[in-house]
Amino acid sequence: NIQQLREKRRERRANELVQHHNDDTILKLENAAIERSKSVDSAVLGKYSIWRRENENDNSDSNIRLMRDQVIMARVYSGLAKLKNKTELLQELQARIKDSQRVLGESTTDSDLPRSAHDKLRDMGQVLAKAKMQLYDCKLVTGKLRAMLQTADEQVRSLKKQSTFLAQLAAKTIPNAIHCLSMRLTIDYYLLSPEKRKFPRSENLENPNLYHYALFSDNVLAASVVVNSAIRNAKDPSKHVFHLVTDKLNFGAMNMWFLLNPPGKATIHVENVDEFKWLNSSYCPVLRQLESAAMKEFYFKADHPTSGSSNLKYRNPKYLSMLNHLRFYLPEVYPKLNKILFLDDDIIVQKDLTPLWEVNLNGKVNGAVETCGESFHRFDKYLNFSNPHIARNFNPNACGWAYGMNMFDLKEWKKRDITGIYHKWQNMNENRTLWKLGTLPPGLITFYGLTHPLNKAWHVLGLGYNPSIAKKDIENAAVVHYNGNMKPWLELAMSKYRPYWTKYIQFDHPYLRRCNLHE
């Protein structure tokens, strides 16, 4: 078939490259990589690659491949430079290798690369040109390595794309056991008489002197873990108030779970987002946009001309849920409160969180843990800086921060009209030209200059994608966050991180047993 013919053609080409390693062949191989590096046009640096027309270039990952190719060549030259005592050149090569690896990070497509990638490509190309002049006798080794790489790289990229696609698909599914739990709880809730559906201590719901949490979720089991872990680690649970909001499908189940499993002396309240009548398309830009024909086509048209895992990621159903966008309306949901701690449902609490209410936000609205490293998670990863509105108003190197555990000062929020700022930018992004979907990019914009950085030990991230988080960092964290595809309630979850989550679940609970939920 066609696939087999392509594989044979690739194999034949690789063999030819290995066998015919005369001077002309080697020179062509080296010069091609160096010239491609030199030819990177600095005028296009503002064009963040995720914003290109998605069918514009069939060879859409060429920069990723070139950068990896350069790193391999640079390693070969480094070894030879060490043998020949070219200390200065060796140091320069090693520095460029580190720069390229930092830029590559976990990127799998050109659209994941930061804007600085073009500069790093050009810089590495210049160093490789210098290395070629000084270490010219390495051409045979380089040619063989490049030929081997061509075959191996094609196979690895193909497998990686398949793996990413399947992981994205699996991450969007709800396990049957959790679906079963929700259905059983819902049935039993609506069999209760109205007077038995009420939670105690409702007088605490608007008391600003207590510790209030906002949790928006459609996952009963995940929400139960968040509440259970927070209460179990609280010094005085009676002062903690949990405000849960879910959708109409899960409203009965969420209520029933906490009626059956009351959170000790803490206060809990469950609301249905669909009953917030003020949250309608005439007031809320994102609701209006989600109802538009263009957005429905983007989500639901099967033959939409896009491909690749990144596009699948942006079509996650969570982006269609108002639960995901409700975080921009906190003062309207809780008008009597002064401060509230916002929690995602894929976190667990490991320490008493009350000291967060004492943190001085210095007049800022949002207290959050920053996520930027040397070049990772800065604004240019999330926003389209080729758009003049973005370029004029924001610094591409500004540090990103995480949703998942955020302390919001609601008095300051109202004073600065944060929701109005969000509406303004959301209206401007009707055609998704400022950012792709999601809530972090508009969050970065809305709270720009209004975010106070919290100590990193408050919130450790990455348990849903990063297998190399230090055990000490996890165990010292107040909150750990399973952000990423490998949620702890999925079979995809990393086994070494799952016990931190499962220890807050009582697996011998009759409802869990009936639905075959186990560790």
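The single residue among Asn55, Asn85 that is modelled with pLDDT under 85 and assigned to a loop (DSSP other than H, G, I, E, B) turns out to be Asn55.
If a residue must be touching a Cys at 6+ places or on another chain (Cβ under 7 Å) and free of Cβ contacts under 8 Å to residues at least 24 places away in the same chain, how many such residues does region 488-519 contain? Working first, answer last.
Here is the first cut: in region 488-519, the ones touching a Cys at 6+ places or on another chain (Cβ under 7 Å) are 515.
Checking which are free of Cβ contacts under 8 Å to residues at least 24 places away in the same chain leaves us with none.
So the count comes out to 0.
For region 373-395, the set of residues classified as in a loop (DSSP other than H, G, I, E, B) and out of contact with any helix residue (DSSP H, G or I) (no Cβ under 9 Å at 6 or more places or on another chain) consists of His377 only. Ile231 meets the conditions (1) in contact with a Pro (Cβ under 8 Å, 6 or more places away or on another chain); (2) part of a strand (DSSP E or B); (3) of a type in the set (A, V, I, L, M) in every case but one. The failed one is (2). Residues in region 88-114 that are in a helix (DSSP H, G or I) and surrounded by fewer than 16 Cβ atoms within 10 Å (Cβ to Cβ): Glu88, Gln91, Gln94, Ala95, Lys98, Gln101, Arg102. Can you list the helices (runs of 4 or more DSSP H) found entirely within region 117-225 that contain at least 1 residues being closer than 30 Å to Leu512 by Cβ and either open to solvent by less than 50 Å² (accessible area, probe 1.4 Å) or modelled with pLDDT of 90 or more (or both)? In region 117-225, the matching helices (runs of 4 or more DSSP H) lie at 139-171, 176-191.
The values are calculated or read from the model by the stated rules, or taken from the named source; none is laboratory data. No experiment lies behind these values; they were computed from the predicted model shown. Cβ sites come from the backbone with ideal geometry, for glycine too, and all protein chains shown count toward neighbours. When the accessible area is computed, the model is the full protein with side chains, heavy atoms only, and any ligands, DNA or RNA have been set aside. Shrake-Rupley method; radii C 1.70, N 1.55, O 1.52, S 1.80 Å.
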